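Where a number appears in this text, it was derived from the coordinates with a stated rule and is not lab data. The shown structure was predicted, so the numbers you read here are calculated from the model rather than taken from an experiment. Positions of Cβ are backbone-derived with ideal geometry, glycine not excepted, and every protein chain shown enters the neighbour counts.
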Amino acid sequence: MDEKILIVDDEQDIREVLEISLSDLGYEVYTAENGEEALRIIEEVTPRIVLTDIRMPIMDGIELLRKIKQENSEIEVIMITGHGDMDLAIKSLKHEATDFITKPIKDEVLEIALKRAKERIFMRRQLRDYTEHLEDLVREKSAKLVEAERLIAVGQVVEGLSSAMRNIVEDLESGLTYFNEMPCFISIHNSGHKIVGTNQLYTARLGNKIGGNSWDIYSERAGSKENCPVGRTLSTAQGQRRRERVKDLNGGELPVIVHTAPIRNRDGEVELVLEMAADLAEVSRLQEDLMTCQQRFQLLFEAAPCYLTVQDSNLKLVTANKQFLEDFGKEFGSFCAQSYSHEGEPHPECPVLKTFEEAKPQQAETVVTSKTGERYNVLIWTAPIKNAAGEITHVMEMSTNITQIRQLQDQLSSLGMLIGSISHGIKGLLTGLDGGMYRVESGFEKEDQERIKEGWEIVKHMVSRIRNMSLDLLYYAKERDLQWERTDVLTFAHDVALTVEPKALGHNIEFVRDFDDAAGEFEVDAGVLSSALTNILENALEACIEDNSKKSHQITFRVRQDKDNIVFDVSDNGIGMDKETREKMFTLFYSSKGREGTGLGLFISNQIIEQHEGSIQVDSTPGEGSRFIVRMPKILPEEIKTPQND
């Protein structure tokens, strides 16, 4: 015996006693102390029989029984119950329990319950074997019945032709013209085994045999009066169906399938025999041509530089080309929507659905998601595929990836936005320069040193903004290769701080440096990364300047290290940012400063950090301030450090 059995009981003593008894009976025994553990064991080993206590913690026996039957109804479950749980035991039978036994468990009662469970397993197995055998028998008989019906149908056709031929016996030559379009060899023979008429194909391929013997065209066993199909038809008065070989005009042999039918006179006697022979070589050639066409179509289908699918009326994939499977990779039988957008159901505006509904081609544009998560813009065309009755059975969908075209359009659109944004920015800077120079000039005229100093500060500020804008534009115009070098973190951080600290102090904003002295070195393009961090610090400075709700402001610039990264932490207690600003702050041309900003600063800072394989994290609350955490790798990956040739 090699039966697996599972004992489920929260009492260890009962499990151990039952395990010993059942092992002695030859069972492979597994044990579990609660329902959840039992379900895990069932999933792993699939026992045929489960013995389970009704009252258990975590999951009682009734719930375990219900879940077992949901997952595998063929597992037999025997319930173990106390005398006070008879109502639960009877309830378990409603949930298809095999039997129940009461505590204390007696060996003879347990054996009877196990015997009943094994009988149910055996009967179910016999029923399955019988059902499978019956299905095989039905398939076998059905195939024979179909073949018999096919032969009867062929015989009926030939018999029908012979009946029709009875009406044209008197005008034989005229009658055979009806068969000239048929792609087979047709001939009529008299009762003297002579050929009295043939169709054009017969004459063209086998020669003019009128007046010749019925067996002259045959080779091998059919090449005699008694054995040829016509001879057998005349001697038995029954139609014949045989595979034979006939000789053509060039002396070659053609494999054919021959059908004959007797043509009777009005007295019921066989007067003529109709013989029809189909060229198997021609059939094979047509099949080969069809296969060649299919192969060529498949090659074209696979090689097409776009996504091609064929979908049925349920909008499920029937077939797809190589490019579709590589980028989307869904199994046939799944919805196309599951491949394109990972949704369960097709969209109501699906062009394939419209093609089925309107019976005409459709065109659409949409965005799809590949199996790797990439999003593509695609242009879709559909075409209906109809059967011989003109009904649409399938729809072919062709999708062309136009992502690069749309990206180019976006870039051109962005370029227009950039030009407009820069124009406004430059106009504002020039206005500021004019104001600063006016103050300097008027200060000289009036010999007012304070006015000269104030004007010069404005000029310096405007020049600084022009410099930053120029650097941003240059970086945006062409992302250059990193000029990396090993750089001391503290020296780098102090240099960055010096670019912003004087401005902060000039606006009475406290600037706090908190640098880890043990930060060491990291690999970086110092000039480029300095520009990115300066943008972030200046963003913090402007957030503090714009905040009028607090008496004092502070910017804290921290630098520390973790296992693999140098961490730059910039926090301020300025105006903070709302949700929309946080979501769009790294978007090209987005600026919360109106015409004073180009929308390039934080966008380029993010680009620079990503180019270094770093990351940036932002936390901000309106009215409380913001915090930017930038993590930069201590060692750049080799592919980043190696310049890429254009």
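Values computed for the structure shown
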{"read-out": "Computed label-point distance, nm, for sites Asp562 and Glu445 using a 7 Å Cα→Cβ extension", "value": "6.0"}
{"read-out": "Extension gain, Ile635 back to Lys4 (0.36 nm per residue minus Cα-Cα distance, nm)", "value": "221.4 nm"}
{"read-out": "Simple label model, 7 Å out from Cα along Cβ direction - Ala359 to Glu19, nm", "value": "7.2"}
{"read-out": "Contour excess over end-to-end distance, with Cα ends at Glu43 and Leu93 and 0.36 nm allotted per residue", "value": "15.7 nm"}
{"read-out": "Restricting the range 84-129 to GluC sites (Glu not before Pro) in coil, as DSSP defines it, with at most 15 other Cβ within 10 Å", "value": "Glu96"}
{"read-out": "Gain in span if fully extended, Asp569 to Met182, counting 0.36 nm per residue against the direct Cα distance", "value": "130.4 nm"}
{"read-out": "Lysines with Cα under 18 Å of Lys354, excluding same-chain neighbours fewer than 8 positions away", "value": "Lys316, Lys386"}
{"read-out": "The range 226-278 and the range 35-112: distance between their alpha carbon centers, rounded to Å", "value": "73"}
{"read-out": "Approximate spin-label separation Leu134-Arg242, in nm, with each point projected 7 Å along Cα-to-Cβ", "value": "4.4"}
{"read-out": "Residues Ser552 and Glu580, FRET efficiency given R0 of 25 Å [Cβ-Cβ distance, rounded to 0.05]", "value": "0.35"}
{"read-out": "Ascending count of other beta-carbon atoms within 10 Å, so fewest first, for Phe179, Phe444", "value": "Phe444, Phe179"}
{"read-out": "Estimated FRET transfer efficiency when R0 is 56 angstrom, pair Arg285-Lys115 (beta carbons, to 0.05)", "value": "0.25"}
{"read-out": "GluC sites (Glu not before Pro) within the range 374-407, DSSP loop, no more than 15 other Cβ atoms inside 10 Å", "value": "Glu374, Glu391"}
{"read-out": "Listed residue (Cys544, Met585, Val528) projecting farthest to the positive dipole end of the range 479-641, Cβ model", "value": "Cys544"}
{"read-out": "FRET efficiency, Leu408 to Lys322 (Cβ-Cβ, R0 45 Å, nearest 0.05)", "value": "0.95"}
